[in-house]
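Everything on this sheet refers to the single structure shown next.
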Amino acid sequence: MEQPLVKNAFDVLEVRKDFPILSELPYGKPLVYFDNAATSQKPQVVIDALVNYYTHYNANVHRGVHFLSQKASDAFDGVREKVRGFINAASEREIIFVRGTTEGVNLVAATYGRKNIQQGDTILVSAMEHHSNIVPWQLLCEEKGARLNVIPMNDRGELVLDTLDELLNDNCKFVSITHTANSLGTINPLETVIAKAHERNIPVLVDGAQAVAHEYVDVQALDCDFFVFSAHKMLGPTGIGAVYGKLHLLEDMPPYHGGGEMIKSVSFKGTTWNDVPYKFEAGTPNIADVIAMGAAIDYWNSIDRVGAHEQEIELLNYCTSLLADIPAVRIIGTAKNKAAVISFVVDKVNAMDIGMFLDTKGIAVRTGQHCAEPVMDWFGIPGTIRASFMFYNTKEEIDFFIEQLKKAIQLLAV
Ligand code: PLP
């Protein structure tokens with residue numbers, strides 16, 4: 001029998017109840033939170049997981065035979081499998097806990113990079129990277145006498161792949177590229193870049209900071225060699241994230257930090273390393289935040305992700321069309337394939353002034369360079385105003401935002 005078609009059953013008002021902060025009243029006004037690309041808000045279950053750990057079973061992991069330590073160890077260890085499932089890695093041994101995307105890129109640069117990049121080599125990034133996917137490679141290049149090359153973009157903020165074959169030449173030894181650009185919203189054609197790099201045996205790291213909360217990520221389907229992300233952008237806590245790496249690459253990489261946990265045996269004659277992934281996790285881990293990251297993944301698995309995605313795309317299209325009707329507004333980043341991020345500038349008004357005006361109305365947007373100074377330089381602008389949405393945002397919030405933006409323009413245009 002044919003199933004009845006259920007149109008997007010995603011109930012945004014119901015979902016909003018899961019996020020206590022959305023009831024806050026900054027300056028006595030309902031919060032309109034459009035700064036999700038900087039960090040997402042947290043559902044109550046994530047906050048509860050943190051409080052619960054500290055209240056009921058705070059203990060160090062892997063070191064105690066006592067009840068609390070075993071309970072903490074079980075909760076902590078269980079999250080590696082949740083992260084594996086969340087990005088569809090082949091094995092939980094391929095998951096390394098780090099502080100976030102920034103530390104993840106630095107880990108790969110300092111281990112894989114230090115071992116494999118030599119003088120005269122090139123590392124390829126794109127024109128739309130966040131600083132955290134540029135600077136670690138620049139540091140490595142400086143140390144090794146290597147060079148950073150850049151895949152260019154066009155004026156819609158889309159990668160131009162005409163020169164990719166040339167850039168992936170014999171000198172190129174690594175590609176590090178963002179999945180989704182935080183400053184523009186562009187979703188990159190990773191399959192093409194990865195396939196072309198692999199034709200030449202060049203490994204690819206994907207910066208997934210902006211992708212994990214908005215796309216289904218399947219690292220095996222992508223066939224990327226490394227994938228890094230932060231929990232705080234996907235409903236989890238700050239200070240925690242993960243590096244995925246293909247097992248054979250991780251096995252071959254030297255350790256990152258030295259200390260406890262990352263060793264098998266230590267003596268003054270010499271030390272042997274622990275197995276992957278522990279080899280990369282020196283010291284007491286961020287136990288509470290790992291457990292809360294697991295709660296965030298449980299939350300994702302409990303909601304209608306297709307409906308959540310559709311909600312975001314609806315918000316993106318709705319807001320884009322309303323902004324396009326304001327003559328003073330110019331949207332920066334008009335790629336065909338975009339996530340729910342809208343960067344824009346306003347004629348004759350400073351972005352920061354708009355942001356400050358909107359703030360007085362309870363609307364949180366981000367202004368400035370968004371840690372992507374080369375992107376701003378490319379567009380010849382000092383910065384943008386960025387509204388970035390999550391599935392818990394509403395069209396009514398966008399209506400209010402547009403109304404207040406128009407007022408700001410009227411008031412502030414010189
Ligand atoms: N990469 C991208 C695309 C980002 O948007 C961000 C944060 O905004 C980062 C990397 C850095 O993430 P974190 O600060 O969590 O390490």
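How much of the pair distance distribution for the chain lies past 42 Å, counting alpha-carbon pairs only, in percent? For the chain, the share of Cα pairs beyond 42 Å comes to 16 percent. Label-to-label distance, ASP347 versus GLU310, with points set 7 angstrom from Cα along the beta-carbon direction: 3.9 nm. Rounded to whole Å, the principal axis extents of the Cα atoms in region 32-127 read 54, 45, 22, largest first.
Only helical runs count toward this figure. For the chain, summing -39,500 (n - 2.57) over DSSP H runs of n ≥ 4 and dividing by all residues gives -11000 deg cm²/dmol at 222 nm. Checking the cross-link pairs LYS144/LYS264; LYS42/LYS115; LYS17/LYS279; LYS144/LYS338 against a 32 Å limit on the alpha carbon distance flags LYS42/LYS115; LYS17/LYS279; LYS144/LYS338 as lying beyond it. A Gaussian network model of the chain, with springs between Cα atoms under 10 Å, assigns the largest mean-square fluctuation among SER69, SER183, SER230 to SER69.
Every number here is computed from the coordinates shown, using simple stated rules; none is lab data. These numbers were taken from a predicted model, which means no experiment stands behind them. No Cβ is skipped: glycine too gets one built from the backbone with ideal geometry, and neighbour counts run over all protein chains shown.
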